[in-house]
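Below is one structure, written out as structure tokens; the observations come after it.
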Ligand code: G4P
């Protein structure tokens with residue numbers, strides 16, 4: 001079937017799944033791929049899952065980087081839609097990568113474990129989606145087991161995440177005796193066959209004329225029916241109505257209950273989700289917003305990954321297309337360098353395979369060969385217009401260590417390695433003013449990133465490092481209202497330290513919020529402030 005460019009854009013749905021580890025993201029992703037015909041066997045995505053358990057597993061996986069990389073974006077067709085799922089690392093220690101990936105998504109599916117509700121990592125990831133004002137769809141998973149009371153779950157969404165919700169379906173039996181869900185829009189009852197509890201065989205649909213229909217009594221147990229009737233009455237009276245505008249503004253989340261492992265509710269979810277979720281949306285730039293239908297090709301780099309193929313020192317930049325159409329071997333202006341660049345060897349990712357892209361449209365992600373030109377946040381434009389897309393925030397690291405090469409003869413490789421890995425965003429690097437160029441302070445969001453840094457420096461650059469953990473927990477960019485203020489003269493406690501980031505901007509590392517307040521109090525004449533998230537112009541980032 002051939003589509004016009006407008007139709008191609010309209011049929012695209014680009015989203016990420018966010019969740020706390022173990023809520024079922026891998027399982028859900030796999031089920032979506034199965035429905036889309038992109039994979040044929042359950043378990044194909046699972047092989048990646050080990051990555052979140054232990055570094056050794058991560059390394060093993062990394063040896064087969066082809067697999068882990070090709071699944072970082074998965075494109076497939078379903079019911080006439082072209083779906084791009086942006087994968088986000090399962091382990092919380094890689095959450096920075098997740099934050100950046102969310103900048104390339106038009107919507108997010110927030111997956112919760114029905115027995116656990118909103119968990120720590122959900123809150124962090126939700127906050128990023130909120131900042132971007134993207135619509136959030138909630139799938140409450142693992143309903144085949146005992147779960148929290150559904151009203152308590154909605155209450156958690158409201159109290160913990162401050163988002164109102166509108167349930168699309170409602171669970172029947174959450175005490176460990178799950179009978180199915182009531183579809184509020186169609187009055188259908190989807191029955192869960194607990195005996196088969198098997199892939200695909202577990203859902204039987206039965207229609208009813210409404211919650212008062214007597215046929216319901218023949219389908220579900222009397223206790224559950226009474227509870228269901230009370231619940232639906234309450235929801236109809238006191239719950240938020242389905243309001244597409246509020247959903248698209250990210251103020252209201254549609255809630256679906258289901259069980260990914262048994263497939264229960266996955267297909268109704270994806271069908272409704274695709275109807276509601278937005279197609280590619282306009283993106284903000286320094287020169288107004290860019291509509292996806294704008295004929296000029298525009299996009300931004302949100303992820304860089306080096307050495308994907310250990311045999312060829314290749315580096316790939318992942319570009320989110322914001323407008324226009326990508327055509328083979330097209331050249332674009334790389335705004336930061338003011339230079340024309342040919343987008344070479346572009347690749348698209350179809351579930352398990354990387355393919356050379358012939359053409360791609362707004363909403364799609366392409367991976368382009370990066371000879372070292374790109375940085376995270378770079379803007380690419382095919383016309384002569386000059387603007388940059390809104391910056392991608394740099395998240396403050398929470399763990400720090402001093403790093404240096406074990407063998408000072410390896411200084412050159414060490415510098416090259418940490419430079420490249422920091423361009424990838426795998427680590428943030430700081431220098432101490434007036435200290436030699438061999439010692440750096442490295443900052444990461446999660447400690448596992450340190451292990452990966454160490455492993456990659458050794459395997460990809462042949463450098464062993466010495467790593468000394470530091471007690472700091474917060475990095476804050478220092479600003480002063482005084483021009484010409486000398487930051488090295490700041491009064492700091494002995495447990496805080498001034499460092500410089502890659503752009504020589506002053507950053508102070510602190511052990512606690514208390515120490516941040518102390519520093520503000522003791523440097524009043526400089527009118528200091530300390531910013532947690534660095535959002536300078538994206539062209540200067542990373
Ligand atoms: P993640 O990517 O979010 O970390 O979660 P993942 O899909 O790996 O799922 C975590 C665990 O939860 C897995 O069990 C998985 O089988 C189970 N799970 C996922 N969805 C459901 C569901 O709907 N109901 C139930 N009851 N369990 C679910 P595991 O024991 O850790 O792994 P495995 O041995 O099953 O592979």
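The values are calculated or read from the model by the stated rules, or taken from the named source; none is laboratory data. What you are looking at is a predicted structure, and each value in this text was computed from that prediction instead of being measured. Cβ atoms come from the backbone with ideal geometry, glycine included; neighbour counts cover every protein chain shown.
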Residue in region 15-23 that is away from the ligand (no atom under 15 Å from the Cβ), modelled with pLDDT of 85 or more and in contact with a strand residue (DSSP E or B) (Cβ under 7 Å, 6 or more places away or on another chain) present: yes
Residues satisfying the stated conditions in region 153-163, i.e. more than 16 Å from the ligand (Cβ to nearest atom) and either in contact (Cβ under 8 Å) with a residue 40 or more places away in the chain or assigned to a strand (DSSP E or B) (or both): 154, 157, 160, 161, 163
Near pairs, Cβ below 6 angstrom, 6+ apart or cross-chain, from region 408-437 (in the same structural domain as residue 101 (by TED's automatic domain parsing)) to any residue that is at pLDDT below 80: none
Top-ranked residue in region 214-263 [being within 16 Å of the ligand (Cβ to nearest atom) and part of a strand (DSSP E or B); ranked as surrounded by the most Cβ atoms within 10 Å (Cβ to Cβ)]: 257
Filter result for residue 421 (touching a helix residue (DSSP H, G or I) at 6+ places or on another chain (Cβ under 9 Å) and farther than 22 Å from residue 496 by Cβ): yes
Single match in 488, 441 (criterion: part of a helix (DSSP H, G or I) and at negative phi): 488
Leading residue by the ranking (farthest from the ligand (Cβ to nearest atom)) among those in region 264-292 that are in contact with a strand residue (DSSP E or B) (Cβ under 7 Å, 6 or more places away or on another chain) and assigned to a loop (DSSP other than H, G, I, E, B): 291
In region 137-152, the residues that are in contact (Cβ under 8 Å) with a residue 60 or more places away in the chain, surrounded by fewer than 24 Cβ atoms within 10 Å (Cβ to Cβ) and outside any loop (DSSP other than H, G, I, E, B): 137, 150, 151
Scope region 121-148; condition modelled with pLDDT under 95 and more than 16 Å from the ligand (Cβ to nearest atom); matching residues: 127, 128, 129, 130, 131, 132, 133, 134
Number of the exception - residue 47 against (1) farther than 22 Å from residue 81 by Cβ; (2) at pLDDT 85 or above; (3) more than 9 Å from the ligand (Cβ to nearest atom): (2)
Index of the failed condition, residue 537 passing every other in (1) at pLDDT 90 or above; (2) under 26 Å from the mean Cα position of the chain (by Cα): (1)
Positions within region 386-414 being surrounded by fewer than 17 Cβ atoms within 10 Å (Cβ to Cβ) and within 13 Å of residue 462 (Cα to Cα), in sequence order: 406, 407, 408, 409, 411, 412, 413
Residue match in region 65-88 (condition: more than 13 Å from the ligand (Cβ to nearest atom), surrounded by fewer than 18 Cβ atoms within 10 Å (Cβ to Cβ), more than 21 Å from the chain's Cα centre (by Cα) and modelled with pLDDT under 85): no
